[in-house]
Structure formats: C-alpha cells, structure tokens
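The values are calculated or read from the model by the stated rules, or taken from the named source; none is laboratory data. Only a predicted model underlies this, so the values are computations on that prediction, with no experimental measurement involved. Neighbour counts are summed over all protein chains in view; Cβ atoms, including those assigned to glycine, are modelled from backbone coordinates with ideal geometry. SASA here: full protein model, heavy atoms, side chains in, ligands and nucleic acids out. Shrake-Rupley method; radii C 1.70, N 1.55, O 1.52, S 1.80 Å.
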Amino acid sequence: FGQGPLASVDYDRIRMTGSLDYLDVQRWLQVIDELGEVAEVALNDEIAAHLESAELSIEKLLFYDLELPSTGVRVVRNPGAWVTSLDNAMLKGEVIVADADDVPVEIMLEQLQLDNSDDASDSLGDVNPSEIDDINFSTDSLIINGEDYGSWAFNFRVEDQVARFEDIDATPAGLRVLPSSIVEWRVTEGIHSTSYIGDIEVDDLALVMSKFGFASSVEGQELKIDANVSWSGSPAMIDVERIVGQVGINEGKGRFVQAETGGALKLLGIFDFTSIARRLRLDFSDVVEKGFEFSEISGVTAFNEGQVGTVEPIVIEGSTAKFTLGGELDLKAETLNNEMIVTLPVTRTL
C-alpha cells in the first residue's frame, strides 16, 4: 500500500493464521464482490488461485443468521470450491461452497447442539427463509437441550417464496422420517407458518412417548404413520400441542403395559388397563401383569392445538381381545372423553 513502487515478492501460496474478535461471513463475501466490481481482475478468482489455507480462531463468527461463539475455522481450496471446517461447542463439521452459483451449499456435520429451553421464543423467528441459499444438510447427531435426536439429512430449496425441506432422512427419538416427507416454511407479512406432509416409521414407541412427556404405557415397533399437519411459527416451533391436521396409523405391533409414572412424565390414561378392568369388573389380570400384545393397529386422529379427536376409530387387535377407541383427548388440560369397545373371544366347551 502507498505511493511507492511494489517490490518483488517471491512466494508460492498464501497461508493465513491468526485470530479475530468478529467475522460476518455474509458481509465479507459482499465486500469481495464489491471490490471485484471496481478491480480489473475477478477478486474471487485471484483469491482462489493463490490462497492455500486460512486457520483462524474467531471469538464471534456470524454465518448468515447463525451466530457461532469461540469457533476454530480452517479454510482450504479444493478444485471448484471452498472447504471450511468449523469446530466449537455448538457444532463440528465441514461446509463446502462451490464457485458455481447453481450448486447447493453442502453442510456436513458430525454433531449439532441446540438449546431450545425457552419454549415461548422462536429461534428462527428473525430468519427470512427465502434469502437462504440452496443447502444440502446432514448431521450425524442432533442434540437439543442435552438430548440426542439422532441423525438428520435434508435438502433445502426455495421456490416462489416457499422454503422446502425435501429428501428428509431423520431418526429423532425412536422415529424415522422418510424421504417422501416434505416440510414447507412460509413467511407472510412477517408471520411464520410451517406444514408437514409425509410418512413416519416408529421404531420405539415407548421412547417416542417419553420424549413427548408421557409415561411409556405403550411399547410398539414397526408402526406406520402418515401425517398432514401444520403449525404457527418456524420449523423449530413444532410441538404436539401446537399442530393442526390429521395423523393416520396404518399398521404396527407391540403391547400395552401398566406404566410407572416417574419424574415429570404423565400417564396417557386411554390405555390404563387397571382402570379398564376395574370399570368393566372383568378379570384382566393377565393384561395388567404381562401387558396386552397387539398385532394390528389402525385409525385416523385429528389434532387441533392440543385437542385430539378420532376421525376414524382406533382399532387395536390382538389374539386375546380387540379394542375400538373413539372420542377426544385434551393434551393441555390432561382430560379424556373417550368410548372404548372391548371385544373378547367366546370360548365354547363341547
């Protein structure tokens, strides 16, 4: 810099190391573009041609709308793309940004930890999804408030001001969200809304119930669920007491057991077999002690912000009995208004 002539400099590649108090990635890319507009060369091409690596310790890294504190960053050049390794208490993994504008950003993480302890606030409430670039995202482990919600992968695309999560493959809390599922995220006049249409497989129903705050009175596997639901807020605001729409159960097997309610877990009294036996004055001791095994389950329920009703009765069939359930459930008030028909096999002695 300055008025004097540039002296001869010999080097092979630029290697940058050091620390920064603050870096805004979006603003830095904007500055590079603006400098490139007034320079005689493409600044991006010059940096790509000569920078080998940058290893930085950044106290506050702003990656678009995501603020990352105390982050170790390593940037290297690959053919046609920049590869950035990130490591801090919140996440660890790689981000690949291609030179071509039409190639999605690749985010591949080993772990992502989120704190969503403030249930009233929307962690994505200030984000405009239509301004986010196309992203292919994956993380081996998603941890929310200290609990592991399994692996997640999806492609994020924006079309006609609607953001979509497509090709979803996730394993949260005993569930598996199948790739046929689609999540749509809209912002209309500053108001966020989200919808989900797709299929879910349940690998461990007891785990699912405990994650939603209920005692594990049902143990089930291989349950097939299809859902068409929506909720106010961003995708981060999903909650069983906020969703509106229908959820259908197509198949599955398992057993109902008399659950022990410990800690903050609540008993979902629909399948309280001790209570059923007492009211019907029947001998259900085998059910209460060993659990009622079922081989088929089906039905359709309607959710309306904590109010759950049956569109098609829930039918549960086992070798010793058949249960047909209808009625309403208030998740917020923890009240039930249900009717259950219990069909027992008739034994004849000749």
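Applying the criterion of being open to solvent by 50 Å² or more (accessible area, probe 1.4 Å) and β-branched (Val, Ile, Thr) to the residues of region 155-186, the residue that is nearest to residue 140 (Cα to Cα) is 171.
Okay, residues lined up against (1) over 21 Å from residue 145 (Cα atoms); (2) open to solvent by less than 50 Å² (accessible area, probe 1.4 Å):
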{"site": "31", "(1), (2)": "yes, yes"}
{"site": "35", "(1), (2)": "yes, no"}
{"site": "54", "(1), (2)": "yes, yes"}
{"site": "66", "(1), (2)": "no, no"}
{"site": "104", "(1), (2)": "yes, yes"}
{"site": "107", "(1), (2)": "yes, yes"}
{"site": "113", "(1), (2)": "no, no"}
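Taken together, the residues in region 27-62 that are hydroxyl-bearing (Ser, Thr, Tyr) and under 31 Å from the mean Cα position of the chain (by Cα) amount to 1.
Among the criteria (1) open to solvent by less than 70 Å² (accessible area, probe 1.4 Å); (2) under 26 Å from residue 93 (Cβ atoms), the one residue 21 does not fulfil is (1).
Among the residues making up region 14-50, those that are of a type outside the set (A, V, I, L, M), closer than 14 Å to residue 75 by Cα and not in a helix (DSSP H, G or I) are 15, 17, 18, 19.
Among the residues of region 214-221, is any modelled with pLDDT under 90, assigned to a strand (DSSP E or B) and touching an Asp or Glu at 6+ places or on another chain (Cβ under 7 Å)? Checking region 214-221: at least one residue is modelled with pLDDT under 90, assigned to a strand (DSSP E or B) and touching an Asp or Glu at 6+ places or on another chain (Cβ under 7 Å).
Taking the condition under 17 Å from residue 133 (Cβ atoms) and open to solvent by less than 30 Å² (accessible area, probe 1.4 Å), does residue 81 pass? Here the answer is yes, as residue 81 does meet what is asked. Listed by first and then second residue, the pairs with beta-carbon distance under 6 Å, at least 6 apart or on different chains, first residue in region 238-254 and farther than 21 Å from residue 203 by Cβ, second open to solvent by less than 40 Å² (accessible area, probe 1.4 Å) and assigned to a loop (DSSP other than H, G, I, E, B), are 241/306; 241/331. Is region 201-209 home to any residue that is modelled with pLDDT of 90 or more and not in a loop (DSSP other than H, G, I, E, B)? Within region 201-209, one or more residues are modelled with pLDDT of 90 or more and not in a loop (DSSP other than H, G, I, E, B).
Note on region 280-350: enclosed strands (runs of 3 or more DSSP E) holding 2 or more residues that are at pLDDT 90 or above and open to solvent by 70 Å² or more (accessible area, probe 1.4 Å) are 307-317.
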